[in-house]
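> Got a structure here, written out as structure tokens. Questions coming.
What follows is calculated from the coordinates using simple rules that are stated; it is not laboratory data. Not measured: the values here are computed from a predicted model. With ideal geometry, Cβ positions are generated from the backbone for all residues, glycine too; neighbour counts draw on all protein chains shown.
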Amino acid sequence: MPKCVIAEDEALLRHALVAMLREAWPQLEIVAECEDGGEALEAIAEHRPDVAFLDIRMPGLTGLEVAAAMAEISPATQVVFVTAYDQYAIDAFETGAVDYLLKPVARERLAAAVQRLQTRAVAGQNDAGVIAALIEKLGLQRKSAEPLVWITASAGRETRLIMVDDVAYFRADNKYTVVMTAEGESLLRKPIRELLDALDPVTFKQIHRSTIVNLKAVASVSRDDSGRGTLRLKNRPETLTVSQPFMTLFRNM
């Protein structure tokens, strides 16, 4: 039974895609339904699915970034990109991406994508090369909004104004986020998922589903035999673990 991971940050669209896929491809086992890129990357690393449906624009890692990392951790996985932005479509098809679905997804269009996936699976084709070409052509697209500069977080009864550049890392804590600086920790009353798109993607990298690190605060990166990484920080005594799927994002460090 072929396995599938679906990544779509809008719940209604994700549920609709799941329902249509179960109708169009009853034999397909949907092993994970993800709402952001980090969750999708970890699910792909765990399950090594035959197929991944990836929304291009998601909080944190984009669908293109997930596909780039996936080329190393699960190269046999076929990819279908899903997006509301049709300006990408011509580029996707010109570079030979397995398929491309525009939102809202039409049943007939999904059925054609399923048929194409099944044909390629029988032929033993994979998309590592064409995904690399697609990413090189499109780049890792991001929202054009200005990144977050400062935040307010609480420490006991005190409310602190914290410059984002002074943050060493953010860590998820249920519905809130722990903000770690050289001076100590504060609590931000919003989930870490809401921070992902607001932070500068050049400086802040997700290293785990629950952790985002400021690269300016990193002193060194090391990798163990299992593929997981460890970050040593400049102004904090603790080290941070980079889960194995996210180590692909640190190739240049």
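> May I ask which of 175/205; 3/175; 103/216 have a Cα-Cα span longer than 29 Å here?
On the way: 175/205 20 Å; 3/175 31 Å; 103/216 37 Å.
Going by Cα-Cα distance, 3/175; 103/216 fall outside the 29 Å limit.
> Quick one: grab the alpha carbon gyration tensor of the stretch 1-74, order the square roots of its eigenvalues as a ≥ b ≥ c, and give me rounded if a/c is under 1.5, else prolate or oblate depending on whether a/b is larger than b/c. Walk me through the numbers before you get to the answer.
Working: a/c = 2.26, a/b = 1.22, b/c = 1.85.
It comes out oblate by the Cα gyration axes.
> Taking H as built 1.01 Å from N, whose amide H comes closer than 5 Å to the amide H of residue 200, not counting residues under 5 places away?
Result for residue 200 returns 148.
> Step through the residues of the stretch 102-119 one at a time and calculate ³J(HN,Hα) from phi using the Karplus curve (6.51 cos²θ - 1.76 cosθ + 1.60, θ = phi - 60°), rounding each to whole Hz and writing x for Gly and Pro.
Residue by residue, the stretch 102-119 yields 9, 7, x, 6, 8, 4, 5, 5, 5, 4, 5, 5, 4, 4, 5, 4, 5, 5 Hz.
> For the stretch 4-17, take each phi angle, set θ = phi - 60°, evaluate the Karplus expression 6.51 cos²θ - 1.76 cosθ + 1.60, and give the result in whole Hz per residue in order, putting x for glycine and proline.
9, 10, 10, 10, 8, 7, 8, 4, 4, 5, 5, 5, 5, 5
> For labels at residue 166 and residue 225 in the simple 7 Å Cα→Cβ model, what's the distance in nm?
Computed distance between label sites residue 166 and residue 225 equals 4.4 nm.
> Relative contact order for the stretch 150-250: what percent, with Cα pairs under 8 Å and sequence separation of 6 or more?
Working: 184 pairs, mean separation 19.9, N = 101.
Worked out over the stretch 150-250, it gives 20 percent.
> Mind ranking 9-15, 208-214 by how tightly packed they are, going by the mean number of other C-beta atoms within 10 angstrom, highest first?
Numbers: 9-15: 14.4, 208-214: 20.3.
Output ranking for 9-15, 208-214: 208-214, 9-15.
> Please report the net charge: other residues with Cβ closer than 14 Å to the Cβ of residue 22, K and R +1, D and E -1. If you can, show how the numbers build up before the last one.
Values: positive: 3, 14, 107; negative: 23, 29, 33.
The answer is 0.
> Follow-up question, since we're still on this one. Search the structure for amide H atoms under 5 Å from the amide H of residue 79, placed 1.01 Å from N in the peptide plane, and list their residues when 5 or more places away or on another chain.
52, 98
> Please report, for the Cα atoms of the stretch 150-250, the Rg to one decimal and the Dmax as a whole number; what are they, in angstrom?
13.3, 44
> Quote to one decimal, in nm, the extra length available between residue 155 and residue 210 on full extension: 0.36 nm per residue of separation minus the C-alpha distance between them. Numbers along the way, then the final one.
On the way: separation 55, 0.36 × 55 = 19.80 nm, distance 2.03 nm.
Taking 0.36 nm per residue and subtracting the Cα distance, the gain is 17.8 nm.
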